[in-house]
Each structure stands twice: as structure tokens, then as C-alpha cells.
1. Which of the chymotrypsin sites (Phe, Trp or Tyr not before Pro) found in region 16-80 are loop residues per DSSP with 12 or fewer other Cβ atoms within 10 Å of their Cβ?
2. How large is ³J(HN,Hα) for each residue in region 55-67, as worked out from phi by the Karplus curve 6.51 cos²θ - 1.76 cosθ + 1.60 (θ = phi - 60°), to whole Hz, x for Gly and Pro?
3. Using a simple spin-label model with points 7 Å from Cα along the Cα→Cβ vector, what separation in nm is obtained for GLU24 and ARG80?
4. Given H placed 1.01 Å from N in the peptide plane, which residues other than close sequence neighbours of GLY93 have an amide H under 5 Å from its amide H?
5. Compute a Gaussian network model of the chain, connecting alpha carbons closer than 10 Å, and tell me which residue from ARG91, ARG64, ARG80 fluctuates the most.
6. Neighbour counts of other C-beta atoms within 10 Å: give me MET7, MET40 arranged from fewest to most.
7. Give me the three principal axis extents of the chain from the C-alpha atoms, as integers in angstrom, largest value leading.
8. Under the Karplus relation 6.51 cos²θ - 1.76 cosθ + 1.60, θ = phi - 60°, what is the ordered set of whole-Hz ³J(HN,Hα) values for region 38-46, x standing for Gly and Pro?
Amino acid sequence: MTLSLGMITCDSTDPVPLATWWSEQVGGTVADPFGGTFLMVRGDNVPVQLAFQLVEDPTPGKNRIHYDFAAPDLDAEVDRLVAAGATLVGRRGDDSFAWVTLADPQGNEFCVASAGASEAELSAG
């Protein structure tokens, strides 16, 4: 038997606006079958479902698992995300490979790299 990735879930004390924000960023739609306690972002442009679940007390500190995205124009995408409410955490890498770490409106860090980046390079983020 082998595992397959079903979705990536993010804890939140207020998951509805977070799911909405992410759906707008990835071009997906929000499914809310559980009345605001567990929401899923789906769509043709979302290869793995993103989920957001209501918790009273999220795990403190830096998130150990984060989203890595690829974009055809890294700088333009970072500018768009910051204008939409993301916070720039840092620019990383060098001339051979660069990525940008951002945080969503609730402080969850994620990375964006150039769409031409190899799979190995993305997993280093």
C-alpha cells in the first residue's frame, strides 16, 4: 500500500477569512461543508486541496510545514501577494536559485519560487 497526499491543512482561530484569502491567491473556490469549522480550497489551479480548520489554540511558534508555490514571474507574484495582504519575511537564495518567504494574513509562512525551479530546489525551501 502507498500513501497519496489528500490535502494540506492549516489550523486557524478564524478559518473563514483565511480560506477566502488563500482561494483568491490560488484561483480556487472555498467549500464550507461544516459551517465554518473546516473549509477546503479547491480548483483547477490547486493540485492539492488546501484546508483550514478551526482550533481554539494553534500550535505556537514557526509552522513546521508550509506551502511552496511556483510562479512564472517571481517578483510580480510577490508584489501581488504583498498588495493582497501577505507580509514579506525574506528573500532567500542566490543567483542560481532564489525564493521568497512570505506570511499570510494570519502569520503562516509560505514560499514562492520561480516556476522554472526544479523539484529538488523547491523542496529545499
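Each value in this text was obtained by applying a stated rule to the coordinates, not by laboratory testing. As the structure is a prediction and not an experimental result, all values here were calculated from the model. Please note: Cβ atoms are built from the backbone with ideal geometry, for glycine as well, and neighbour counts cover all protein chains shown.
1. Answer by residue number: PHE34.
2. 9, 6, 9, x, 4, x, x, 5, 5, 7, 10, 9, 7
3. Going from the GLU24 label point to the ARG80 one covers 1.4 nm.
4. Residues meeting the amide H criterion: TRP99.
5. Comparing ARG91, ARG64, ARG80 in the GNM, the peak value goes to ARG64.
6. By the 10 Å Cβ count, ascending: MET7, MET40.
7. The Cα atoms of the chain stretch 46, 39, 28 Å along their principal axes.
8. 8, 10, 10, 9, 10, x, 4, 8, 10
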